[in-house]
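J.: This structure is in C-alpha cells; I'll ask about it shortly.
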Amino acid sequence: MDNSETENLDLKYRKNFLYFLEKSKQNKSTTICFIQNAKNMTTDVNIEAYEPSLKHLAVSNLQTPIGLQKQAILRSNDIECIKFSKQ
C-alpha cells in the first residue's frame with residue numbers, strides 16, 4: 001500500500017469517526033447490536049458518554065434479559081454494530 005492509499009484510508013476513517021460522534025450526540029435512541037453470553041442481542045439505548053479511546057460506552061435504558069438497566073457500561077469489543085435512528 002503506497003502513501004496516498006494510506007492517506008485516503010486515514011481520511012475515510014476520520015470522517016466515519018466524526019460522523020459517529022455527531023450522530024451519537026444528536027440521537028437519543030440508538031440501536032446497538034452486541035454479544036452477551038455468546039448470543040447476539042439487539043436493543044435500543046441512549047448513548048450518554050464514551051471514553052476518548054472508545055473502549056467503553058456509557059448508555060442508559062439498556063434492556064437486557066434480566067430487565068431494564070437504567071445505566072450501564074458496554075465494552076466496545078462486544079458491540080458489533082450501532083444503528084442511528086433517522087430523525
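J.: So, ASN3, is that one farther than 18 Å from ASN77 by Cβ and in contact with a strand residue (DSSP E or B) (Cβ under 9 Å, 6 or more places away or on another chain) or not?
T.: no
J.: All but one of (1) of a type outside the set (Phe, Trp, Tyr); (2) at pLDDT 80 or above; (3) more than 30 Å from ILE66 (Cα to Cα) hold for MET1, so report the exception by its number.
T.: Against the list (1) of a type outside the set (Phe, Trp, Tyr); (2) at pLDDT 80 or above; (3) more than 30 Å from ILE66 (Cα to Cα), MET1 comes up short only on (2).
J.: Moving on. Are there strands (runs of 3 or more DSSP E) fully within the stretch 46-87 with at least 2 residues that are at pLDDT 85 or above, farther than 24 Å from ARG14 by Cα and among the hydrophobic types (A, V, I, L, M, F, W, C)? List them.
T.: Passing ranges, in order: 67-75.
J.: Within the stretch 15-37, can one find any residue that is over 11 Å from the mean Cα position of the chain (by Cα), on the phi < 0 side of the Ramachandran plot and β-branched (Val, Ile, Thr)?
T.: Scanning the stretch 15-37, I find at least one residue that is over 11 Å from the mean Cα position of the chain (by Cα), on the phi < 0 side of the Ramachandran plot and β-branched (Val, Ile, Thr), so the answer is yes.
J.: If you take the residues of the stretch 5-45 that are modelled with pLDDT of 80 or more and among the hydroxyl-bearing types (Ser, Thr, Tyr), which of them is nearest to LEU68 (Cα to Cα)?
T.: THR43
The values are calculated or read from the model by the stated rules, or taken from the named source; none is laboratory data. These numbers were taken from a predicted model, which means no experiment stands behind them. No Cβ is skipped: glycine too gets one built from the backbone with ideal geometry, and neighbour counts run over all protein chains shown.
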